[in-house]
Amino acid sequence: MITKRISILIAVLLLSVSGLPVHAAPTVKNTTQTSTAGADKERAQKRIYTAEELCCMAQYYYKRTSKTGYYPPETSYKKLKDGSYQIVLRELISRGKEKKKYKNYARYTMQGDGSGKDEKSGKKIDLTRYSKVYTPEELCKLAQDYYYRTYDFYPPNADYTANKDGTYTICLYEEINDDEGTAHNATCGWLTVNVCGVGQDDLMLTAVDINP
């Protein structure tokens with residue numbers, strides 16, 4: 001055994017002296033482990049939305065993709081056995097003594113990550129391509145930018161109030177210093193919007209979309 005090891009060592013030394021390359025054993029990568037780690041990272045980056053957020057995103061998706069550009073004012077949803085949601089976009093057209101009558105615009109089956117399908121056409125859809133869910137602070141910034149685009153004045157201050165229905169009422173204002181050394185707030189506008197930035201101008205009583 002010792003003689004065999006000495007022979008191998010002498011052979012390697014002779015190859016090195018002769019200038020011929022000595023190849024090391026190839027390194028085998030664990031491709032399965034690398035692929036799994038990448039998939040886990042991709043899943044970790046996906047956001048899971050609440051049913052209410054998905055409803056808002058579905059409304060905005062319909063507005064951006066339908067031929068009419070209409071924004072269905074109401075939604076309803078039902079959680080299915082597989083954990084997905086069936087979302088209906090609708091509008092109240094009559095109110096009877098015992099029953100309300102709605103006009104339905106679309107029906108989607110959605111997963112928590114915003115992917116799903118249009119039940120009428122069977123087409124796969126991705127709500128995240130057309131809408132985004134914003135934080136209250138982001139909505140305030142969007143509201144300031146919207147006001148500037150509309151009225152050519154940028155309100156320097158914005159505060160928000162969270163409403164029970166999941167919307168936010170945003171007050172845009174400017175602090176003004178008086179001659180007496182005191183200060184007061186001059187209100188520029190009030191906007192109530194959902195997490196996708198769609199809602200109403202509370203002063204003008206008109207629909208608004210503060211998305212850029």
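The numbers here are math on the coordinates, done by the rules we state, and not lab data. The structure displayed is predicted, hence computed values, not measured ones. For neighbour counting, all protein chains shown are included, and Cβ atoms are generated from backbone atoms with ideal geometry for every residue, glycine included.
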> In nm, to one decimal, how far is the R47 label point from the E175 one, both placed 7 Å along Cα→Cβ?
Replying inline: 3.0 nm
>> Can you tally the net charge around P73? Count Lys and Arg as +1, Asp and Glu as -1, for every other residue whose Cβ sits under 9 Å from the Cβ of P73.
In response: -1
> In debye, nearest 20: dipole of region 128-212 around its Cα centre with unit charges on the Cβ of K, R (+) and D, E (-)?
Replying inline: 660 debye
>> What distance in nm separates the two pseudo spin-label positions at T109 and T206, each 7 Å out from Cα along the beta-carbon direction?
In response: 4.2 nm
>> How large is the translational diffusion coefficient of region 146-212 in µm² per second when you combine the Kirkwood radius over alpha carbon pairs with Stokes-Einstein at 4 °C and 1.567 mPa s?
In response: 101 µm²/s
> Reachable lysines from K120, Cα under 26 Å, same-chain residues fewer than 8 places away excluded?
Replying inline: K63, K67, K78, K79, K81, K99, K100, K101, K103, K132
> Once the other residues with Cβ under 14 Å from the Cβ of I210 are scored (Lys, Arg +1; Asp, Glu -1), what is the net sum?
Replying inline: -2
> About its Cα centre, what dipole magnitude does region 60-154 give when the only charges are +1 on Lys and Arg Cβ and -1 on Asp and Glu Cβ, stated in debye to the nearest 20?
Replying inline: 700 debye
>> Between K101 and A183, what is 0.36 nm times their sequence separation minus the Cα-Cα distance? Round to one decimal in nm.
In response: 24.4 nm
> Any idea what the dipole of region 53-212 comes to, in debye rounded to 20, about its Cα centre with Lys/Arg Cβ at +1 and Asp/Glu Cβ at -1?
Replying inline: 1960 debye
> Hey, with R₀ at 41 Å, roughly what FRET efficiency would N157 and S94 work out to, going by the Cβ-Cβ distance, to 0.05?
Replying inline: 0.45
> Which GluC sites (Glu not before Pro) from region 112-184 combine a DSSP loop assignment with at most 15 other Cβ atoms within 10 Å?
Replying inline: E119, E180
